[in-house]
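The values are calculated or read from the model by the stated rules, or taken from the named source; none is laboratory data. Note that the structure is predicted; figures quoted are calculated from it, not measured. Quick reminder, even Gly has a Cβ in these numbers, built from the backbone with ideal geometry, and neighbours come from all protein chains shown. Keep in mind that these areas ignore ligands, DNA and RNA; they rest on the heavy atoms of the full protein, side chains included. Shrake-Rupley method; radii C 1.70, N 1.55, O 1.52, S 1.80 Å.
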Amino acid sequence: MAPGKVIDADVNAPASASNEKAGKRVLNEEMQRRAEIHEYTSSANPPMGLIPVVAHAPELHEEGPTRIEPFDLSTDLKVPYVATSPNLLAAFIRVLTGESITSKALATSQAFYVIRGTGSSESEFGVTNWSEGDLFVLPTTQLPITHTATGGDKGGAALYWVSDEPLMRYLGTLPEEQKFEPTMWTKAALLDRVEEIRHTPGATELNRCGVLLGNTACPQTKTLTHVLWSLLNSLAPHSVQRPHRHNSVALDLAVHALPNVYTLMSPSLDAEGNLLNPVRVDWVEGGVFVTPPGWWHSHHNESDQMAWVLPMQDAGLYTYQRTLDIRFVDEEVRNAKGGRIWGSSFALKRKERLESYKDVRANSPDVHTKTPKLQQQDTTETA
């Protein structure tokens with residue numbers, strides 16, 4: 001008989017009987033006990049833990065000893081691991097001058113924004129020297145990262161740390177492949193680019209005056225990493241940035257803000273594009289607040305100084321999946337009044353894609369009917 005070939009002599013016996021006879025564990029009954037079948041319309045949008053509108057106070061990185069302060073909303077999300085949103089975990093790292101602390105994450109992407117101070121972070125890739133306003137990202141790491149502060153106000157340095165560890169925990173997987181190289185955006189480079197955009201023709205007509213942080217490893221999505229997304233957004237004195245919405249959760253760091261700078265949020269709009277019964281969240285410099293997915297939100301600066309915010313999102317993943325669905329209120333109201341209801345802003349904003357779509361009829365060239373030929377297995381027995 002050919003090596004490796006197994007033949008069951010009792011071909012008429014049930015598979016379970018033959019397996020039991022061989023001493024193998026039969027799983028069918030146990031597996032069926034775990035199966036559930038739900039009615040579609042009542043279960044398509046199941047009740048889940050709400051993503052709350054809450055803030056992580058700056059005092060957590062301004063006072064006390066060297067430590068890490070996670071922004072833990074796992075109770076709200078109803079998950080058994082530390083998380084700020086379903087896919088992301090945010091935290092403050094406070095390091096007193098002359099001291100060090102290590103961080104470690106089961107993550108494909110880690111972002112560190114320097115809120116205050118100077119110092120360095122040493123990883124298996126090498127040493128990254130940083131100062132206030134710099135931002136850097138690291139791919140999956142096997143070893144802890146050591147953060148050391150060399151100076152800073154309020155006793156030392158502070159970092160805003162965001163990773164996609166909750167996504168890994170939810171999937172029950174380990175990150176193995178490094179999807180990008182360590183990458184850094186300095187404060188000087190970011191501010192220079194913002195200033196350049198501010199002086200381009202039509203800049204005053206833009207809904208946002210800021211810069212998206214891209215990575216050479218992400219040419220399609222133009223995002224921080226393949227999972228993470230970030231924007232350095234400026235808000236001029238006595239101005240309003242009209243509402244927009246997106247499917248990703250935003251974890252917004254108020255980089256600089258005086259009193260009377262705030263965000264209004266609501267899950268819905270009226271017919272004129274005004275937020276219905278909005279929730280107000282004040283920007284507290286150095287603090288982080290959560291913007292839930294799909295909520296319309298506008299930014300307001302009633303102070304005499306420019307305000308800055310740095311949202312961190314899982315929008316790299318959403319953009320890749322073509323599901324970010326970012327929408328701006330004026331366009332939304334215009335379409336609604338014109339009798340159009342959007343199904344996907346991704347498709348509608350790409351005219352060439354709409355023109356390329358056509359009917360796919362039975363037996364048309366667009367129907368994939370060819371399947372690769374399976375290699376015929378030789379079952380001939382040899383002497």
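If you go through the stretch 263-283 and keep only what is assigned to a strand (DSSP E or B) and acidic (Asp, Glu), you end up with just Asp282.
Somewhere in the stretch 254-262, is a residue assigned to a loop (DSSP other than H, G, I, E, B), under 20 Å from Leu135 (Cβ atoms), touching a helix residue (DSSP H, G or I) at 6+ places or on another chain (Cβ under 9 Å) and not basic (Lys, Arg)? Give the steps one after another, and end with the answer.
In the first step, residues of the stretch 254-262 are kept if they are assigned to a loop (DSSP other than H, G, I, E, B); the result is 257-260.
From the residues that got through so far, the ones that are under 20 Å from Leu135 (Cβ atoms) too are 257.
Subsequent filtering for residues that are touching a helix residue (DSSP H, G or I) at 6+ places or on another chain (Cβ under 9 Å) retains none.
Among the residues of the stretch 254-262, not one is assigned to a loop (DSSP other than H, G, I, E, B), under 20 Å from Leu135 (Cβ atoms), touching a helix residue (DSSP H, G or I) at 6+ places or on another chain (Cβ under 9 Å) and not basic (Lys, Arg), which makes the answer no.
The selection criterion, being in contact with a Lys or Arg (Cβ under 6 Å, 6 or more places away or on another chain) and under 17 Å from Ser230 (Cβ atoms), holds for Gly133. Among the residues of this structure, Thr173 counts as one that is out of contact with any Gly (no Cβ under 6 Å at 6 or more places or on another chain), outside any strand (DSSP E or B) and open to solvent by 20 Å² or more (accessible area, probe 1.4 Å).
Quick one: count up the residues across the stretch 248-280 that are in contact (Cβ under 8 Å) with a residue 24 or more places away in the chain, open to solvent by 20 Å² or more (accessible area, probe 1.4 Å), in contact with a strand residue (DSSP E or B) (Cβ under 9 Å, 6 or more places away or on another chain) and among the aliphatic types (A, V, I, L, M). Selection size over the stretch 248-280: 6.
This table checks each residue for (1) part of a helix (DSSP H, G or I); (2) in contact with a strand residue (DSSP E or B) (Cβ under 9 Å, 6 or more places away or on another chain); (3) touching a residue at least 12 places away in the same chain (Cβ under 8 Å); (4) surrounded by fewer than 11 Cβ atoms within 10 Å (Cβ to Cβ).
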| position | (1), (2), (3), (4) |
| --- | --- |
| Pro46 | no, no, no, yes |
| His61 | yes, yes, yes, no |
| Asp76 | yes, no, yes, no |
| Thr84 | no, yes, yes, no |
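Exactly one residue out of Asp330, Asp325 is at pLDDT 90 or above, under 20 Å from His246 (Cβ atoms), out of contact with any Leu (no Cβ under 9 Å at 6 or more places or on another chain) and in a helix (DSSP H, G or I), and it is Asp330. Evaluate the stretch 224-247: report whether one residue or more is within 25 Å of Ser131 (Cα to Cα), over 16 Å from the mean Cα position of the chain (by Cα) and open to solvent by 50 Å² or more (accessible area, probe 1.4 Å). Checked the stretch 224-247: no residue is within 25 Å of Ser131 (Cα to Cα), over 16 Å from the mean Cα position of the chain (by Cα) and open to solvent by 50 Å² or more (accessible area, probe 1.4 Å).
Which ones in the stretch 63-74 are within 15 Å of Pro166 (Cβ to Cβ), open to solvent by less than 40 Å² (accessible area, probe 1.4 Å) and assigned to a loop (DSSP other than H, G, I, E, B)? Working first, answer last.
Step one: of the stretch 63-74, the residues within 15 Å of Pro166 (Cβ to Cβ) are 70-74.
Next cut, open to solvent by less than 40 Å² (accessible area, probe 1.4 Å) only: 71, 73-74.
Result: Phe71, Leu73.
Taking the stretch 176-194 only, how many residues are open to solvent by 20 Å² or more (accessible area, probe 1.4 Å) and of a type in the set (Phe, Trp, Tyr)?
1
As for the stretch 187-201, it holds at least one residue that is touching a Ser or Thr at 6+ places or on another chain (Cβ under 8 Å) and at pLDDT 95 or above.
Within the stretch 213-231, being in a strand (DSSP E or B) and touching a Phe, Trp or Tyr at 6+ places or on another chain (Cβ under 7 Å) holds for no residue. When the strands (runs of 3 or more DSSP E) confined to the stretch 91-156 are screened for residues that are among the aliphatic types (A, V, I, L, M), open to solvent by 30 Å² or more (accessible area, probe 1.4 Å) and modelled with pLDDT of 95 or more, none reaches at least 3 such residues.
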